[in-house]
1. Kindly rank 145-155, 170-180 from highest to lowest mean number of other beta carbons found within 10 Å of each residue.
2. Just to verify a number: FRET efficiency for Lys173 and Thr126, C-beta to C-beta distance, R0 = 30 Å, to 0.05?
3. May I ask you to compute the full-extension gain from Asp159 to Lys87, defined as 0.36 nm times their residue separation minus their alpha-carbon distance, rounded to one decimal in nm?
4. With label points built 7 Å along Cα→Cβ from the Cα atoms of Ala68 and Ala140, find their separation and express it in nm.
5. For the ranges 125-132, 191-198, 62-69, what's the packing order if you count other beta-carbon atoms within 10 Å of each residue, average per peptide, and put the highest first?
Amino acid sequence: MPVVSGQVPDDQVPVAGGQVPGAGGQVPVDADGVTRRNTLKLLGLAPLAAALGWSNGGIERATAYVAALDGAAEDEAAAVLKFFTAKEWPTVRMLADYIIPRDARSGSATDAKAPEFIDFMMMDETTSDTSRVAMRGGLAWLDNESRARFGKRFIAASDAQRRQILDDIAWPKKARPEMGAGVAFFTRFRDAVASAFYSSAEGWKDLKYVGNTFNPNWNGCPKPALDKLGVSYEEFDASLAAHRKS
């Protein structure tokens, strides 16, 4: 399944890269105290954040929160969940790693603590109650769909069974009408995972971005990064135009 092999399907957004330390290992800081690295990060994540209804301030808070968790074991992170329940948490982690698995270039979504990032953002002041209901309802939809097909929750299904469900909701243009609720949930969840992952050190490493270096021939996000996400600028422009009309 394309989602599992490291690609993220339709409606994703190419994101910007990072910043290498300057002299003495220091990251350059602007006069107002905001690092250029963080500025680039926020600019790159802005389209995803807008689609999710997340603010730059919320992303900064979530990034700081996840950084403080660095090194914490999985059970420690689960003990301080802000939004997801203990029952939902294993599904969230599993689904995140289906979207961005570990590969030779970087760690997985869970390695980058993307689930913890999303958990924080779901309770951030900038996140709407509608988004919270949609997230919880989407996870319930996954379990209900898995029970209807296989007689067990999504987390308890086999890998092949889970992929079968995800294949039916990962590609909006190919999905059957009755899969609409699942498609809507998966699209938002995938965007949330990508936003969380590419705000982390793992995400910056995955893009192999080198900032603070003159490049006279910058032509946008590198094609390997676009291919990994399974996106194109044309698809993003169309998705953004549709979002603005809605």
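All of the numbers you see were taken from the coordinates with simple rules; none came from a lab. Quick caveat: nothing in here was measured; it's all calculated off a predicted structure. Every residue, glycine among them, receives a Cβ derived from its backbone with ideal geometry; neighbour counts consider all protein chains shown.
1. Details: 145-155: 15.6, 170-180: 13.9.
Answer by packing, highest mean first, reads 145-155, 170-180.
2. Values: r = 30 Å, r/R0 = 1.01.
Efficiency at R0 = 30 Å is approximately 0.50.
3. Working: separation 72, 0.36 × 72 = 25.92 nm, distance 1.89 nm.
The span from Asp159 to Lys87 would gain 24.0 nm if fully extended.
4. 3.1
5. On the way: 125-132: 12.4, 191-198: 26.4, 62-69: 16.4.
Packing order, densest peptide first, comes out as 191-198, 62-69, 125-132.
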